[in-house]
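**Q** Dumping the structure here so I can ask a few things about it.
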Amino acid sequence: MERFENWLKKHSINMSNIRIEMGEHNERKVVSTNIINSGEDVMLIPKKLIITSLKVEKTQVGRQILKLFERETELTKAIINITVYILYCSVDYTGYTKFWDPYLEILPKDLGHIPLFWNKKHLSYLKGSHLLANIRDRLKKIRNEYNILKKNVKDFNLFTFHTYKHVRCLVSSRNFRLNIDGNYCSSMVPLADMLNHSSDSMTRWFYNNKLASYQMVSKRNISSDIEI
């Protein structure tokens, strides 16, 4: 985590009002270190630290994926594209960058809370439920994506199905839908994806085109030592 925080600070991320805390089961949360007033920035993440589908779709493999999955929704194509990009970056593949290593290293290794990773015993508790059929259909869909990629994308056999499923689930569960220069895209935003969800959220977030940054703003006054 220290390497990740140093990477953020190196790229001008202001961490003076927030800190990352580790909880039980390797869970993370972002906590206020000072009072954050209503309307004040909680964080500002520059574009260079955001992995966007707009960017990866312009690569050779990205364009190939758009054709291979042309019948899929825009969101699905974006998720597949970002997943494949992250996979190649993670193995230092020729033409890909190691720039993202400090971010990729802190992404969760254990996704046991997602039913797609449950074993047969745990799935047996869902017998008779429509959820079990939904899980099987989802696994079948992801397996089909993997087979298409393995057959058509160069050296994709470097990655196992489990690895593909793991990274795909990370992207599916953590990506933000942003409007960048008038174009909607899916995006992985380091640090911002560490905040936990709430029905009574303290913040609002958007892409600020003038600042060329993902911006998260407080919706109300936040005291110090409060999970955001």
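The values are calculated or read from the model by the stated rules, or taken from the named source; none is laboratory data. Computed from a prediction, not measured in an experiment: that's the story for all the values here. Heads up, the Cβs are rebuilt from the backbone with ideal geometry, glycines too, and the neighbour counts pull from every protein chain shown. Protein only, heavy atoms only, side chains kept; ligands, DNA and RNA dropped before computing areas. Shrake-Rupley method; radii C 1.70, N 1.55, O 1.52, S 1.80 Å.
**Q** Please indicate, with yes or no, whether at least one residue in the range 33-51 is aliphatic (A, V, I, L, M), modelled with pLDDT of 95 or more, open to solvent by 50 Å² or more (accessible area, probe 1.4 Å) and touching a Ser or Thr at 6+ places or on another chain (Cβ under 9 Å).
**A** Among the residues of the range 33-51, at least one is aliphatic (A, V, I, L, M), modelled with pLDDT of 95 or more, open to solvent by 50 Å² or more (accessible area, probe 1.4 Å) and touching a Ser or Thr at 6+ places or on another chain (Cβ under 9 Å), which makes the answer yes.
**Q** Conditions first: (1) touching a Ser or Thr at 6+ places or on another chain (Cβ under 6 Å); (2) open to solvent by 50 Å² or more (accessible area, probe 1.4 Å). Lys127 passes all but one, so which condition is the exception?
**A** (1)
**Q** Take Leu87 and tell me if it is open to solvent by 70 Å² or more (accessible area, probe 1.4 Å), within 20 Å of Asn147 (Cα to Cα) and assigned to a helix (DSSP H, G or I).
**A** The answer is no for Leu87.
**Q** Here's something else I'd like to know. Could you tell me which of the residues Ser16, Ser53 is among the small types (Gly, Ala, Ser) and within 16 Å of Glu227 (Cα to Cα)?
**A** Exactly one residue qualifies, and that residue is Ser16.
**Q** For the range 187-206, which positions are in a strand (DSSP E or B), more than 18 Å from Ile20 (Cα to Cα) and over 16 Å from the mean Cα position of the chain (by Cα)?
**A** Arg204
**Q** Does at least one position in the range 95-110 carry a residue that is at pLDDT below 95, more than 19 Å from the chain's Cα centre (by Cα) and either open to solvent by 30 Å² or more (accessible area, probe 1.4 Å) or not small (Gly, Ala, Ser) (or both)?
**A** yes
**Q** If you go through the range 147-186 one residue at a time, how many are of a type in the set (S, T, N, Q), surrounded by fewer than 16 Cβ atoms within 10 Å (Cβ to Cβ) and not in a helix (DSSP H, G or I)?
**A** Number of matching residues: 3.
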